[in-house]
Structure formats: structure tokens, C-alpha cells
Amino acid sequence: MSIPLRRTPVRPSPVFLGVVAVAGAGGVIAWTNPVASSTARLGVFVLVLAGWIATVCLHEFGHAFTAFKAGDRDVELRGYLTLNPLKYSNPLLSVILPIIFIAIGGIGLPGGAVYLRTDMFEPKVQRRISLAGPAANALVAVILLIVIRLFGTDGTHAAFWYGLSFLAFLQVMATILNLLPVPGLDGYAALEPYLSYDTRRSLANVKGYGILILVAILFVPQVNSAFFGAIYWIFGLSGVPEIFAQYGNYLMRFWA
């Protein structure tokens, strides 16, 4: 008698696989065209934006899967384990708005959201769930930077490696931004269980505006300069030249 196989709750959706395929197509276009060509710049644009959407899905999947392993079975019912970007909160705030900010300013805003039953977990588990998302961004950044450092610094297929470097740069930025203790972001969510009830209640109404406040602060010239300087410094620790990410940002904005 055969033993039935246990069904895995993780089932990547066709939408997510389609996004990955689009990112791959953009990568092929960037790989096969001269860096100065408009076709290569279009390929970088597709690679970076589709790649960013895919990593937003991985970020939110990190939260959801960690919560699932801790006992929250609702995340499977809500489709959070499918990596479908349409399942992660409001498409405008979660996908479209971050894409606009990447396109106009090279800012990798935190995107997406999953609704978890945090009340059922003790504080240390809540903290682990909150930090799982930024950990996913950090892991993607490390993998991309290692690949670029090993294979992408010989000057060939430059458009592809510049685009991938900018995508890695955005992952570093997303990791740092998400770890800031700003209401509405993961850094605050990791600290929230340890705050007093009155503090949590007073900051509850700020959560919906935390990301907008953060964006406004980042547009202050002195803050912007210091913040991007710090991100480039962290990026440079990998050994990948900072100019790679800068070129990738320039190539992605093919209309400039």
C-alpha cells in the first residue's frame, strides 16, 4: 500500500512565476545587447522592476512562512504562501508606489503587507516573524553581490551586471529601511511587543503614515546624502564597485 505524500503548503503561484520569467527576459535582453543601446536600457528597466516585485514577494513570504511555522495557519488560507504579489495588501501601496519611487529616485521603499495573528505569539516569536522579511532582502542582497563579485566584474555583458548591481543595491536599502524603528515598518514591529500599552496605543494611528513620513524625511538633502552614503558604504563592503549600482540606476531610467 502506497503512503500518500504530504502536501506542501508552499505553492508558488503562476503570477509569481510570471514575474520571475519577466525579470529573466529583461536580464536576457540586457545580457545580449551593448550597454550603450536603448534596447539594453529597456532590458535593465524590466530586470530591475520585475526583480524588485519578486523580492517584495519573498519579503512578505518570509513573514508569512515564519508565522506559519509558529502555528498561524490562516496565512495559508489567505494565500500568503503562494508568493502571489496580488495577495500582499493593496497593489497601489505595495507594488505601484514603490515602483514609482524606484523609477524617479532610486529609493527602494518597503512594499507589501501580510496580516498575521500576532496576538497568538509571545514577544520573541513576534520579533522573529517581523525580522524574517528584512532577512529575506538581506539574503537576496548577499546572493546577488556574491554572484556579481565572482562573475560580473570582467567588463563583459556590462548592462546586465550593472542592472543586477542596482537590484542588489535596492535590497540593501530595503533591508536597512525595514529595520528602522518607524511605526508601520518591521523594525518597529519587532520592538512593539516590548512597549507599554499606552505607547502602542498612541503610535497605532501613526502606522499608516509611517512610510510617508519616512519618504518626506529622505527628501531632506542632508538626510538623503547621509542615508545614501551609508547604503553605498554597506554595498561597497561586498567588493562590488559602487559605480556598478550607479550605472544600473542610470540605465534603468531609459527615458532620462
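The values are calculated or read from the model by the stated rules, or taken from the named source; none is laboratory data. Bear in mind that the values here come from a model prediction, so they are computed numbers and not experimental data. Backbone-built Cβ (ideal geometry, glycine too); neighbour counts: all protein chains shown. These area figures cover heavy atoms from the full protein model, side chains too; ligands, DNA and RNA do not enter into them. Shrake-Rupley method; radii C 1.70, N 1.55, O 1.52, S 1.80 Å.
Structure notes:
- Per residue, the chain exposes 50 Å² of accessible surface when a 1.4 Å probe is rolled over the protein heavy atoms with every protein chain present.
- Per-peptide average of other Cβ atoms within 10 Å, ordering 26-37, 162-173 highest first: 162-173, 26-37
- Among 191-204, 142-155, 53-66, the order from most to least packed when residues are scored by Cβ within 10 Å on average: 53-66, 142-155, 191-204
- Share of carbon and sulfur in the accessible heavy-atom surface of the chain [1.4 Å probe, %]: 67
- Extreme residue, positive dipole direction of the range 113-243, given options Ala216, Ala226, Ala135 (C-beta unit charges): Ala135
- Label separation (Phe228 vs Gln246): 1.0 nm, computed from points 7 Å beyond Cα along the C-beta direction.
- Segment Leu139..Leu191, full-extension length gain: 16.5 nm, with 0.36 nm per residue of separation and the alpha-carbon distance subtracted.
- Within the listed set Ser225, Ser13, Ser238, the residue fluctuating most in the Gaussian network model of the chain (springs between alpha-carbon atoms under 10 angstrom) is Ser225.
- Spin-label model, Ser202/Arg149: points 7 Å from Cα along the beta carbon direction are separated by 4.4 nm.
- Mean sequence separation of contacting Cα pairs (under 8 Å, at least six apart), scaled by the length of the range 108-256, corresponds to a relative contact order of 31 percent.
- Estimated 222 nm signal from helices in the chain, with DSSP H stretches of n ≥ 4 weighted -39500 (n - 2.57), rounded to 500: -21000 deg cm²/dmol
- Dipole check for the chain: with +1 at the C-beta of Lys and Arg, -1 at the C-beta of Asp and Glu, and the Cα centre as origin, the magnitude is about 440 Debye.
- Contact order relative to length of the range 147-212, as percent, for alpha carbon pairs under 8 angstrom and 6 or more apart: 23
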